[in-house]
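S.K.: Structure below; questions to follow.
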Amino acid sequence: MQPADLNALNQRFSISGQLVFKEGPGGLIVAEIANAHAEAVIALQGAHVMTYQPRGQEPVLWLSKFAKFAPGKSIRGGVPVCWPWFGPHPSEASYPAHGYARTVMWDVLETAAVNEGDTQIKFGLAETETTRAQWPHASPVLLIVTIGKALSVELVTSNNGSTPLVIGEALHTYFNISDVADMAILGLEKTDYLDKVADFASKHQEGAIQIESEVDRVYLNTEADCLIEDRGFKRRIRIAKKGSRSTVVWNPWTEKADKMGDFGPEGHREMVCVETANALENVVTLAPGERHSMLAVISTESLD
């Protein structure tokens, strides 16, 4: 993006004392938000919420110290947007895993100061010849991010075509934790899941989720809030959701994280992904003219 484009973005969409656009790492353009409640950084590539930190707290999102920032590359950490499929493409192995939304540019459509000191930014997924080749459907996509005492991320898909569409999607959120051995995930008790580490074997969750090895699970048919109980940081992170029937829990653990190259030696101990999703058996079918919203609201609570 040229400096003139950056100036145009600021002239049209900056909010005095709350939001400014800058050149970020790797030359990526970012929106920097700082209001009375929190600070955040969002990359226009992928409409990717990179950081979110409420005032006086540890960061809520984990961003790898070894993350690579480059055009067309997904950023390790924050909230990557997986759309219009989750995991590998069902028929084209050459298409990118988790879709293309997280690696292409999004347009800034609107910014606003809302509620009592919150900052909202609305993005639209930009289409290119490459994206149209992979997804030749009239289906505009919005991402609405609100930064305040809570982080709200809403992914909205419309079907403007004449035939039904099937979409898989996820907000692939990386959460910052004190240590993976000092936390538990609540809210998915008594829920069935498919275990990708065990060749998609169907299993049933009994108690809280503890992570002591590689975990890659798609919990199905659940609309429940999830709570990350972090004893080290003395807080709970609450993930409330609407329009989502799947929750994905992921930690690559040591061996896989080492192979990825952008985690660092202890990165997997400082993060866990709890993803608001519609995946596998819970993919969404959108009829012509229909609109679907998937919303995650992320907040923190003191752990007494």
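The values are calculated or read from the model by the stated rules, or taken from the named source; none is laboratory data. None of the values given here were measured: they were computed from a predicted structure. Positions of Cβ are backbone-derived with ideal geometry, glycine not excepted, and every protein chain shown enters the neighbour counts. Surface accessibility is based on the protein's heavy atoms, side chains included, excluding ligands, DNA and RNA. Shrake-Rupley method; radii C 1.70, N 1.55, O 1.52, S 1.80 Å.
S.K.: Can you list which of the GluC sites (Glu not before Pro) found in segment 10-70 are DSSP loop residues with at most 10 other C-beta atoms within 10 Å?
M.R.: none
S.K.: Quick check: from the Cα gyration tensor, does segment 70-221 come out rounded (a/c under 1.5), prolate or oblate?
M.R.: Taking the square roots of the gyration eigenvalues as a ≥ b ≥ c, segment 70-221 is oblate.
S.K.: Tell me, how many Å apart are the Cα centres for segment 234-266 and for segment 118-132?
M.R.: 24
S.K.: Let me ask something additional. Go through (1) 51, 44, 33; (2) 81, 46, 31; (3) 53, 48, 37 and flag the label whose value is the computed Cα extents along the principal axes in Å for this structure.
M.R.: (3)
S.K.: Kindly provide the chymotrypsin sites (Phe, Trp or Tyr not before Pro) of segment 1-102 that DSSP labels as loop, not H, G, I, E or B, and whose Cβ sees at most 14 other Cβ atoms within 10 Å.
M.R.: Filter output for segment 1-102: Phe66.
S.K.: Then there's this: Once each part is reduced to its C-alpha centroid, what is the distance from segment 14-29 to segment 145-169 in angstrom?
M.R.: 24
S.K.: Which whole-number value in Å² is the accessible area per residue of segment 92-186, probe 1.4 Å?
M.R.: 40
S.K.: Here's a follow-up. Would segment 138-237 count as rounded, prolate or oblate if I go by the C-alpha gyration tensor, calling it rounded below 1.5 in a/c and otherwise prolate when a/b exceeds b/c, oblate otherwise?
M.R.: oblate
S.K.: In addition: Going through the cross-link list Lys122/Lys203; Lys203/Lys241; Lys65/Lys190; Lys190/Lys256; Lys122/Lys256, which pairs have a Cα-Cα distance over 32 Å in this structure?
M.R.: Too far apart for the 32 Å limit: Lys122/Lys203; Lys65/Lys190; Lys122/Lys256.
S.K.: What GluC sites (Glu not before Pro) does segment 180-244 have in DSSP loop regions with at most 14 other beta carbons within 10 Å?
M.R.: Sites meeting the loop and neighbour criteria: Glu189, Glu206, Glu212, Glu223.
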